[in-house]
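A short reminder: the numbers here are calculations on the coordinates, not readings from a lab. Treat the numbers as computed from the prediction; the structure is a model and nothing was measured. Glycine gets a Cβ as well: all are built from the backbone with ideal geometry, and neighbour counts include every protein chain shown.
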Amino acid sequence: VLMRGPLQPKGFVLIKTPGYCNSQLLAPMISPELCAKQMGLYHGDAAVLLRTEIAGILLMKNPESKNKVVETATKIASSSLSAVLADHKEPVYTVNFEALNQK
């Protein structure tokens with residue numbers, strides 16, 4: 001997502017979803033454009049799903065490499081996120097989507 005204007009986030013939101021979302025290839029659709037002020041968003045599960053899809057397309061002829069590529073990309077992203085949050089002065093919020101009780 002490209003934001004208009006200078007980069008001046010007022011906070012950072014970490015989004016966490018229950019495991020069954022990933023197993024069904026689902027992720028809540030959340031955009032920084034939905035916020036009243038500029039916010040940084042990180043939804044790790046959605047990012048892993050996207051990385052898996054991209055790796056699957058790019059490595060169609062060599063599918064056994066897909067998991068290793070996704071794992072490496074996730075480690076790199078995790079390191080980058082840690083570095084960004086280390087210097088982040090604005091508040092950091094965590095949003096947890098809870099699993100529904102199914103009977």
Requested in this report: Measure nothing but the geometry: give the 0 to 90° angle between the long axis through the Cα atoms of 44-58 and the longest principal axis through the Cα atoms of the chain, rounded to 10°.
Outcome: 40 degrees
Query - Debye equation applied to the C-alpha atoms of the chain, log10 I(q)/I(0) at 0.21 Å⁻¹ - result: -1.19
Report summary line: Rounded to one decimal in nm, the spacing of the 7 Å Cα→Cβ label points at K75 and S31 is 3.5 nm
Query raised in the report: Taking R0 as 25 Å, what's the FRET efficiency between I54 and D87 from their Cβ-Cβ distance, rounded to 0.05?
Result: 0.35
Query raised in the report: In a shell of Cβ-Cβ distance under 11 Å around E90, excluding E90 itself, what net charge do Lys and Arg (+1) and Asp and Glu (-1) give?
Result: +2
Requested in this report: Would you list, by chain and number, the lysines whose Cα falls below 26 Å from the Cα of K61, excluding same-chain residues fewer than 8 positions away?
Outcome: K75
